[in-house]
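A short write-up of the structure that comes next.
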Ligand SMILES: Cc1cc2nc3c(=O)[nH]c(=O)nc-3n(C[C@H](O)[C@H](O)[C@H](O)COP(=O)(O)O)c2cc1C
Ligand code: SF4
């Protein structure tokens, strides 16, 4: 690859240091591979640990819950190679990032969830402001694995809901209708003949009705909890809509 990549283009290697599966890659093997890759002209290493087969076990989860959990392993890598190394893995605060650089655990700091939790992390590192820290709940990871899109539990509720809505909208089956209802009173619109003509013709299709303001929720949706994205159908003529999902997220 080094020979094929044009000069001046950096070639990085995502280096798995520990797989934590039977007969999987361990630290020593990974360090030996790194030394060979360095000889081949790799420009930087970005280490990681765990795979989908191991990272949800209780031992690995406990290890990966530690702030800067790659600290010792990247230090070991730094002692083996001269190639720049990115240290990442719950580098929660700018102070911790400085600490890792000062002790030589890495040449650069990598921020994953940390940066998604607080997109202003870098500006705050410069200005000295307090960052919003990642709680390691892995809601985001679960959602990405299930192809539901990245949402962080620490984002403001409205941002979470909007992202969720965008994701649903982007992924929705084109045979389905999406009705955005700004207020409960708009349900009247669904009773018009023009609206009825737009209802899904396919038996499997589902109509989605979204209320933009929770305060507007109609009588029949009262039983739904505030965080619930679905409720039971409201009373009235609009309740007769075939196969309808009611969203009261906003
Ligand atoms: C939602 C999500 C998706 C990720 N996808 C990948 C991936 O495709 N490949 C990879 O090597 N690492 C992936 N990672 C791991 C991150 O790149 C990063 O190494 C890890 O989250 C540790 O850094 P952090 O604590 O700052 O998030 C993913 C992590 C998350 C949370
Ligand atoms: S959802 Fe949880 S793990 Fe993911 S970035 Fe937000 S706080 Fe961190």
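What the table shows:
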| quantity | calculated |
| --- | --- |
| Single unsatisfied condition, residue 122 versus (1) modelled with pLDDT under 95; (2) away from ligand 2 (no atom under 12 Å from the Cβ) | (1) |
| Residue count, the stretch 28-72 (criterion: part of a helix (DSSP H, G or I) and closer than 20 Å to residue 103 by Cα) | 3 |
| Pick from the stretch 140-173, criterion loosely packed, with under 15 Cβ neighbours inside 10 Å and closer than 18 Å to residue 51 by Cα, ranking: farthest from ligand 2 (Cβ to nearest atom) | 147 |
| Residue in the stretch 124-131 that is within 11 Å of ligand 1 (Cβ to nearest atom) and either over 18 Å from residue 52 (Cβ atoms) or surrounded by 16 or more Cβ atoms within 10 Å (Cβ to Cβ) (or both) present | no |
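The values are calculated or read from the model by the stated rules, or taken from the named source; none is laboratory data. Model, not experiment: these values are computed from the prediction. Using ideal geometry, Cβ is built from the backbone for each residue, glycine included, and neighbour counts are taken over all protein chains shown.
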